[in-house]
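The values are calculated or read from the model by the stated rules, or taken from the named source; none is laboratory data. Since we're looking at a predicted model, the values are computed, not measured. Cβ placement follows ideal geometry from the backbone for every residue including glycine, while neighbour counts extend to all protein chains displayed. Protein only, heavy atoms only, side chains kept; ligands, DNA and RNA dropped before computing areas. Shrake-Rupley method; radii C 1.70, N 1.55, O 1.52, S 1.80 Å.
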Amino acid sequence: MQFTDFSLDKRLQASLNHMGISTPTPIQEQAIPVALSGRDLMASSKTGSGKTLAFLLPAMQRVISTKALSKKDPRVLILLPTRELAHQVYSQLRLLIANTQYRAVSILGGENFNDQAKALAKDPHFIVGTPGRITDHLFQHHLYLNGLELLILDEADRMLDLGFAPQLKAIHEAADHRRRQTLMFSATLDHDEVNDIAAQLLKQPEHIAIGASHTEHADITQRIFLCDNLTHKEAILQQLLQTEQHKQVIIFTATRGDTDRLATLLAEQGFSTAALSGELKQSARNQIMDSFSRGQQQILVTTDVASRGLDLVNVSLVVNFDMPKYAEEYVHRIGRTGRAGAKGDAISLVGPKDWVNFKKVQVFLRKTFEFSALEGLAPKFSGLKDAPKKKSPVKHSNKAAPQQRQGKRPTAKPAAKRDKRFITGVDVGDAPMRKKPKPAVDFMDDDE
Ligand code: ADP
Ligand code: MG
C-alpha cells in the first residue's frame, strides 16, 4: 500500500513526496482511512511509528476538501502535553500547509500571551497547543470553538497524568460535540483515566492498537549496569561514552539539579553537551532543542520533560542515569532512539536507589534482564532482597542512601528530594497499584 492509495489532495501528496515518504506505516495505514471517514478514533502504537502524520494528513485533507462550519473559528485543534512536543507537531504541520492558503498558530504556555491573542484574532484554521494555555484564551474570549470540526488529542495519557482532565473537558464543552470529530492518539492507551475521558469526548470511536507497549522496541538493544553509587555511575557512563561509537545521546536524570550537575561534568570531560531542564525560559528551551536536533551538541542531559514523543532522528543511545519513577516512562524514554525502524541502544544505570523502579520496569515489560558490566568497573551491588512482608522496606533506602551521597552531590536539597522519590517508589511498588501521585514539578510542562 502507498500513500497515493488514499487519494489525498495533490498538494499533500506533493509534500509527502518532498519529504521522501511514500509507504504508510501500519498505524497510518489503519488510522488514516478511519479519520478520513469522519469517525471518532482512539489509536495507539509504539513511539516512532508515525502517529503525527496519521492525524495531520486527515486533518489537512478535511480542511482542504470540505466547507468550513464557521468562517472565524479554528477548524482543527491539536492538543499535546508539552511545549516541545507541540513545537514538533507544529513544525510538521507547517511543512504540510506551506503550499496552501491555510494558516496555523501554536499556542503554548511560557510564550507571550498578548502576541497569542493577536495571532488568534487573525482566525487561523489550525491551532496546535497545550491545554493550559488554550483554556486561558478560551476563558478570556480570545478563542471560540463553536465551529471546531476536528479535535485531536496526542499523547492523551500523558496529558491526563499531568492533570489536564479539567482543561480537556472545558475545551470539549466549548465545541459542538455533535458536529465535531475527535481523534485520540498515544503510545499507551491502556490507562483508566484515558478510558474515562474517551467515554466523555468520543462518540462510538473506532479502536486501533498496534503492538502492545511491552512487546515493542525490538530495534533497541537494552543493557543494564548495576552501580554502587553516584561516582560509580559517572565512571561507567564516562567509559561507555568514550569507548562506544554513538551518534547523538540523550541522558535522563531524576531531578533538574542532577541534570545541571551531570551536564557540567560531561562538558568538563570534553563531551559537547547541552542541558534541558523544566525551569528554563521557553525561548531558551526552544534554542536548546533546535541546536541539539541540528546536531550541534552530541549529548543532551534532561529530566522526563523531553521523553515523550520528541522525534530526534540522530539519537542512537538513550541513557537512564537514574531509573524513571513510572515503568511506562522507561518505554517512552528509550523510544527516543530506534525511531522509524533505525537501530538504537539503551543503557540503564541501576544503583540501590533505583532498584525498586528497575523491578517495576521488569514487571511492566514482562522481562528479566541480564546485567552487563565493564572491565575494572564491576559493581559490588547485586540488587536488593525483596523486603520481608512486615518490615518497612524504607529501611533499605536508609542503608543505601549514605553510600549514594558520597559522590559529589552538592547540597542537601537534591538528596532530600531523592529520598522522597525513593520512598514514593517503595510505596507504589509495594502496595496494589493505587491512583498515581501527581507528577513532580519537573514533569510539569505547561507552566500555568
Ligand atoms: P510517533 O508520534 O508515533 O512517536 P512520529 O510521528 O514522531 O512518531 O514519527 C517518527 C518519525 O517517522 C518522523 O521522523 C517521521 O517523519 C517519520 N515517518 C512518519 N511516517 C513515515 C513513513 N510513512 N515513512 C517513513 N518515515 C515516516
Ligand atoms: Mg507522537
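Please specify each residue of segment 296-324 satisfying the condition of being within 16 Å of ligand 1 (Cβ to nearest atom), at pLDDT 80 or above and open to solvent by less than 50 Å² (accessible area, probe 1.4 Å).
Scanning segment 296-324 gives Val315, Ser316, Val318.
I'd like the full set of residues that are aliphatic (A, V, I, L, M) and either within 15 Å of ligand 2 (Cβ to nearest atom) or in contact with a strand residue (DSSP E or B) (Cβ under 8 Å, 6 or more places away or on another chain) (or both), limited to segment 21-31.
Matches in segment 21-31: Ile27, Ala31.
Considering only segment 362-383, I want to know if a residue exists there that is modelled with pLDDT under 90 and open to solvent by less than 10 Å² (accessible area, probe 1.4 Å).
no
Would you say Lys247 is surrounded by fewer than 22 Cβ atoms within 10 Å (Cβ to Cβ), under 26 Å from the mean Cα position of the chain (by Cα) and free of Cβ contacts under 8 Å to residues at least 60 places away in the same chain?
Spelling it out, it is not the case that Lys247 is surrounded by fewer than 22 Cβ atoms within 10 Å (Cβ to Cβ), under 26 Å from the mean Cα position of the chain (by Cα) and free of Cβ contacts under 8 Å to residues at least 60 places away in the same chain.
Residues Ile224, Ile208, Ile152: which one is of a type outside the set (Gly, Ala, Ser), away from ligand 1 (no atom under 16 Å from the Cβ) and not in a loop (DSSP other than H, G, I, E, B)?
Only one candidate passes the filter, namely Ile224.
Quick one: which residue in Leu153, Leu143, Leu138 is free of Cβ contacts under 8 Å to residues at least 40 places away in the same chain and within 23 Å of Tyr102 (Cβ to Cβ)?
Answer to the selection: Leu138.
For segment 109-137, which residues satisfy the criterion of being buried (at least 20 other Cβ atoms within 10 Å of the Cβ) and among the basic types (Lys, Arg)?
Of everything in segment 109-137, just one residue is buried (at least 20 other Cβ atoms within 10 Å of the Cβ) and among the basic types (Lys, Arg), namely Arg133.
Which residues, counting only those in segment 146-201, are on the phi > 0 side of the Ramachandran plot and more than 16 Å from ligand 2 (Cβ to nearest atom)?
Gly163
Kindly list the number of the only condition in (1) more than 16 Å from ligand 1 (Cβ to nearest atom); (2) touching an Asp or Glu at 6+ places or on another chain (Cβ under 9 Å) that fails for Gly38.
(2)
Of Met42, Met1, which residue is in contact (Cβ under 8 Å) with a residue 24 or more places away in the chain and in contact with a Ser or Thr (Cβ under 8 Å, 6 or more places away or on another chain)?
Exactly one residue qualifies, and that residue is Met1.
One line per residue, one yes/no per condition, for (1) within 16 Å of ligand 1 (Cβ to nearest atom); (2) modelled with pLDDT of 95 or more; (3) closer than 20 Å to Glu29 by Cα:
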site	(1), (2), (3)
Ala156	yes, no, no
Gly163	no, no, no
Ala175	no, no, no
Arg179	no, no, no
Phe185	yes, no, yes
Thr188	yes, no, yes
Gln204	no, no, no
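Residue by residue, here is whether (1) under 23 Å from Glu328 (Cβ atoms); (2) in contact (Cβ under 8 Å) with a residue 12 or more places away in the chain holds:
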{"site": "Asp5", "(1), (2)": "no, no"}
{"site": "Ile32", "(1), (2)": "no, yes"}
{"site": "Gly38", "(1), (2)": "no, yes"}
{"site": "Lys46", "(1), (2)": "yes, yes"}
{"site": "Gly50", "(1), (2)": "yes, yes"}
{"site": "Arg62", "(1), (2)": "no, yes"}
{"site": "Ser65", "(1), (2)": "no, yes"}
{"site": "Lys71", "(1), (2)": "no, yes"}
{"site": "Arg75", "(1), (2)": "no, yes"}
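Looking at segment 263-272, can you tell me whether even one residue there is among the β-branched types (Val, Ile, Thr) and either part of a loop (DSSP other than H, G, I, E, B) or over 17 Å from Leu317 (Cβ atoms) (or both)?
yes
Determine whether Ser106 is in the same structural domain as Gly129 (by TED's automatic domain parsing), open to solvent by 50 Å² or more (accessible area, probe 1.4 Å), without any contact (Cβ under 8 Å) to a residue 40 or more places away in the chain and not aliphatic (A, V, I, L, M).
Spelling it out, it is not the case that Ser106 is in the same structural domain as Gly129 (by TED's automatic domain parsing), open to solvent by 50 Å² or more (accessible area, probe 1.4 Å), without any contact (Cβ under 8 Å) to a residue 40 or more places away in the chain and not aliphatic (A, V, I, L, M).
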